[in-house]
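S.K.: Below you will find the structure I want to go over with you.
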Amino acid sequence: QVQLVESGGGLVQAGGSLRLSCAASGRTLSTYAMGWFRQAPGKERGFVAAISASGSTLYYGDSVKGRFTISRDNAKSTVYLQMDSLQPEDAGVYYCAAGGSRYQVQQGRIAYWGQGTQVTVSS
């Protein structure tokens with residue numbers, strides 16, 4: 001079992017930045033690919049970014065390319081999402097996720113989910 005706990009959400013003005021963190025406990029995080037998803041009110045949960053277990057391969061959803069950066073520190077069992085140039089459409093609940101590979105995470109085939117952290121972007 002892996003427990004994932006997100007933090008770092010909050011209220012930010014459009015154009016601002018936030019850094020989300022996802023701390024893992026339980027089994028070794030380094031064996032899992034990790035990702036971030038978000039869900040806006042009334043919408044389905046959608047893919048944001050993924051990172052391979054080693055951290056060598058990254059993948060982003062089209063809407064966040066060039067603005068968001070995913071990274072991980074396996075020694076700290078933590079995954080990060082740096083979000084820059086935030087826009088109102090980036091608002092929602094952001095979920096951390098663990099999967100067997102970067103491809104599985106990207107496809108939404110998730111083994112473990114976090115509880116989510118709220119991001120609000122004011123215009």
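S.K.: Answer yes or no as to whether residue 14 is among the small types (Gly, Ala, Ser) and over 20 Å from residue 123 (Cα atoms).
M.R.: The answer is no for residue 14.
S.K.: Would you pick out the residues in segment 24-57 that are in contact with a Ser or Thr (Cβ under 9 Å, 6 or more places away or on another chain), assigned to a strand (DSSP E or B) and open to solvent by less than 50 Å² (accessible area, probe 1.4 Å)?
M.R.: 24, 33, 34, 46, 48, 49, 50, 51
S.K.: Oh, and also: Go through (1) farther than 18 Å from residue 107 by Cβ; (2) touching a helix residue (DSSP H, G or I) at 6+ places or on another chain (Cβ under 9 Å); (3) of a type in the set (D, E, K, R); (4) in contact (Cβ under 8 Å) with a residue 40 or more places away in the chain one by one and return the number of the condition residue 43 breaks.
M.R.: Unmet for residue 43, out of (1) farther than 18 Å from residue 107 by Cβ; (2) touching a helix residue (DSSP H, G or I) at 6+ places or on another chain (Cβ under 9 Å); (3) of a type in the set (D, E, K, R); (4) in contact (Cβ under 8 Å) with a residue 40 or more places away in the chain: (2).
S.K.: Give the residues of segment 74-86 that are in a loop (DSSP other than H, G, I, E, B) and surrounded by 14 or more Cβ atoms within 10 Å (Cβ to Cβ), sorted by residue number.
M.R.: Of everything in segment 74-86, those that are in a loop (DSSP other than H, G, I, E, B) and surrounded by 14 or more Cβ atoms within 10 Å (Cβ to Cβ) turn out to be 77, 84, 86.
S.K.: To continue, here is another question. Residues of segment 6-18 being surrounded by fewer than 14 Cβ atoms within 10 Å (Cβ to Cβ) and assigned to a strand (DSSP E or B), which ones?
M.R.: 10, 11, 13 - these are the residues of segment 6-18 that are surrounded by fewer than 14 Cβ atoms within 10 Å (Cβ to Cβ) and assigned to a strand (DSSP E or B).
S.K.: Could you check residue 95 against (1) part of a strand (DSSP E or B); (2) open to solvent by 10 Å² or more (accessible area, probe 1.4 Å); (3) modelled with pLDDT of 95 or more; (4) touching a Leu at 6+ places or on another chain (Cβ under 8 Å) and say which number it fails?
M.R.: Failing condition for residue 95: (4).
S.K.: Take the residues in segment 58-73 that are within 19 Å of residue 103 (Cβ to Cβ) and basic (Lys, Arg), then tell me which one is surrounded by the fewest Cβ atoms within 10 Å (Cβ to Cβ).
M.R.: By that ranking, first place goes to 65.
The values are calculated or read from the model by the stated rules, or taken from the named source; none is laboratory data. These figures come from a predicted structure and were not determined experimentally. Cβ: placed from backbone, ideal geometry, glycine included. Neighbour counts: every protein chain shown. Note: areas computed on protein heavy atoms with side chains; ligands, DNA, RNA excluded. Shrake-Rupley method; radii C 1.70, N 1.55, O 1.52, S 1.80 Å.
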